[in-house]
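Contents: one structure, followed by commentary.
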Amino acid sequence: MSGELPSYYFRVRDNGAMVFKVDTENRQRRIEMDPIAVVNIRNGEIKPQGERTLDERDLETIRGWMEERVALVARRDIDDIHRAIDYLNLTTHWVQTKATDRQLDEVTDALLLAMHDLRSTLVRKKADRLMKGDTQTAADED
């Protein structure tokens, strides 16, 4: 281990984390992790564990972690989409150059349905954005 341990540890879980206070200042010089809160990044909820009352430092640290986590998840989401675009291109190349008839029979219907669903959703969302833009432009002209 390098240097000093952080004062808090966040065990990531779906939609948030379990927050622990890290203590190495004890008689046995063991690492102790005391659960202090459960956080939900979707609704911003911070629930103290047991009878614990969180102090301002606890809350400040937790809120900072939550902001960083939300930003990290957002970056990962868009990165996953860019990877999906690459994967669609690689799939197209595979279909065109390497796929056997049997392989194509196995995946064609599922791919066509998924691509149709994606295309329909993208077209609808783009139309919504364009309509919203027209509405805002018309409101700006008034």
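The values are calculated or read from the model by the stated rules, or taken from the named source; none is laboratory data. Everything numeric in this text was worked out from a predicted model, so none of it was measured. Cβ coordinates were reconstructed from backbone atoms using ideal geometry, including for glycine residues, and neighbour counts include every protein chain displayed.
Here are the numbers for the structure shown:
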read-out: Flag for T135 being in the same structural domain as F10 (by TED's automatic domain parsing) and more than 25 Å from R42 (Cβ to Cβ); value: no
read-out: Among (1) modelled with pLDDT under 95; (2) in a loop (DSSP other than H, G, I, E, B); (3) of a type in the set (A, V, I, L, M, F, W, C) - the single one L54 does not satisfy; value: (1)
read-out: Among the candidates D86, D109, residue that is in a helix (DSSP H, G or I), among the acidic types (D, E), farther than 30 Å from I36 by Cβ and not assigned by TED's automatic domain parsing to the domain that holds F20; value: D109
read-out: Condition met for L90 (free of Cβ contacts under 8 Å to residues at least 24 places away in the same chain and surrounded by 13 or more Cβ atoms within 10 Å (Cβ to Cβ)); value: no
